[in-house]
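K.L.:
Below you will find the structure I want to go over with you.
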Amino acid sequence: MAIDLATHFPEHLTLTNGTEIELRPVNNDDREAILGFAQQLPEEDLLFLSMDLTEPTVVDRWLKASASGRSATLCAYAGEQLVGYGNVHREPAPWMQRVGEIRVNIAPQLRSAGLGRIIVSRIFDVAQGMALKKILARMTIEQTGAREVFRKLGFTAEALLADFVEDRKGLSHDLVMMTYDLEGLSDQAGAPVKL
Ligand SMILES: CC(C)(COP(=O)(O)OP(=O)(O)OC[C@H]1O[C@@H](n2cnc3c(N)ncnc32)[C@H](O)[C@@H]1OP(=O)(O)O)[C@@H](O)C(=O)NCCC(=O)NCCS
């Protein structure tokens, strides 16, 4: 179902552990909350962040992309506290117009309560509203929990790129590219990669 960021949100929901959540599109007022959220992430999460959201300039670029429509971001608040976000980003290159990259991050203390699944599902709806056809999720091969979550959400591992990314300590890691076909044309894709 295609939904529009401006009209569908805010949305209120209750997680399986009883936490009340408000989901709403990001805006400039979320800047400090995003920086605070990223800065309290454990080292193992920070190691694999594809965008370093502990850096104010990176957050500013992210907010700019969201305002421009190239990117759509949903923030999840429990009361005043930012407890997660989901983002879909469209590359500017014309031949990549159909693909959006998804990034999801849930506060460690709220993981496995269903918020990741809800945010991914809303991001799918928003992505359809942006006329995206395919969603890409990138993670390192060591992020086994995230890979399993995305597999459960219907993503397929389509590529494994050796020594492709570097973590904050400068160590290289293999990158897994998982995709979800919003149009259900995945029979046209290559065979799933065996990891
Ligand atoms: C990956 C992530 C977004 C999942 O969010 P979450 O709120 O914990 O996930 P949910 O509670 O909605 O779980 C979704 C499904 O995955 C399962 N799951 C959750 N964590 C899991 C884990 N570590 N290993 C295996 N399965 C897991 C859940 O049981 C659920 O399946 P079910 O509906 O069949 O029961 C979250 O762990 C996270 O923020 N990780 C760090 C950032 C990251 O790696 N992002 C991915 C790259 S963009």
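The values are calculated or read from the model by the stated rules, or taken from the named source; none is laboratory data. Because the structure is predicted, anything quoted here is derived from the model rather than measured. Note that each Cβ is placed from the backbone with ideal geometry, even for glycine, and that neighbours are counted across all protein chains shown. For the accessible areas, the whole protein counts, side chains as well, though only heavy atoms, and no ligand, DNA or RNA atoms are used. Shrake-Rupley method; radii C 1.70, N 1.55, O 1.52, S 1.80 Å.
K.L.:
Being farther than 28 Å from GLU142 by Cα, more than 16 Å from the ligand (Cβ to nearest atom), part of a strand (DSSP E or B) and under 17 Å from the mean Cα position of the chain (by Cα), is that true of even one residue in region 7-17?
P.N.:
No, region 7-17 has no match at all.
K.L.:
I would also like to ask the following. Could you tell me how many of the residues in region 112-124 are within 7 Å of the ligand (Cβ to nearest atom) and either closer than 20 Å to MET51 by Cα or within 9 Å of the chain's Cα centre (by Cα) (or both)?
P.N.:
Adding up the residues that qualify gives 1.
K.L.:
Could you tell me whether region 64-79 includes any residue that is closer than 24 Å to ILE3 by Cα, within 11 Å of the ligand (Cβ to nearest atom) and either buried (at least 20 other Cβ atoms within 10 Å of the Cβ) or not aliphatic (A, V, I, L, M) (or both)?
P.N.:
yes
K.L.:
Within the group ALA127, ALA137, which residue is of a type in the set (A, V, I, L, M), within 15 Å of the ligand (Cβ to nearest atom), surrounded by 19 or more Cβ atoms within 10 Å (Cβ to Cβ) and farther than 21 Å from LEU13 by Cβ?
P.N.:
ALA137
K.L.:
Out of everything in region 33-53 that is surrounded by 12 or more Cβ atoms within 10 Å (Cβ to Cβ) and of a type in the set (Asp, Glu), what residue ends up being nearest to the ligand (Cβ to nearest atom)?
P.N.:
ASP45
K.L.:
Ok, one more. Which of the residues that make up region 171-195 are small (Gly, Ala, Ser) and either at pLDDT 90 or above or on the phi < 0 side of the Ramachandran plot (or both)?
P.N.:
SER172, SER186, ALA189, GLY190, ALA191
K.L.:
Ok, one more. Show the residue pairs that are 6+ apart or on different chains and have beta-carbon atoms under 7 Å apart, the first residue being within region 91-109 and without any contact (Cβ under 8 Å) to a residue 40 or more places away in the chain and basic (Lys, Arg), the second being in a loop (DSSP other than H, G, I, E, B) and surrounded by 18 or more Cβ atoms within 10 Å (Cβ to Cβ).
P.N.:
What qualifies is ARG98/LEU132.
K.L.:
Let me ask something else. Just to check your reading of the model, which residue among GLU158, GLU148 is among the charged types (D, E, K, R), touching a residue at least 12 places away in the same chain (Cβ under 8 Å) and either within 9 Å of the ligand (Cβ to nearest atom) or open to solvent by 50 Å² or more (accessible area, probe 1.4 Å) (or both)?
P.N.:
Every option except GLU158 fails the conditions.
K.L.:
Scan region 88-110 for residues that are within 27 Å of ASN17 (Cβ to Cβ), near the ligand (Cβ under 9 Å from one of its atoms) and surrounded by 15 or more Cβ atoms within 10 Å (Cβ to Cβ) and report the count.
P.N.:
7
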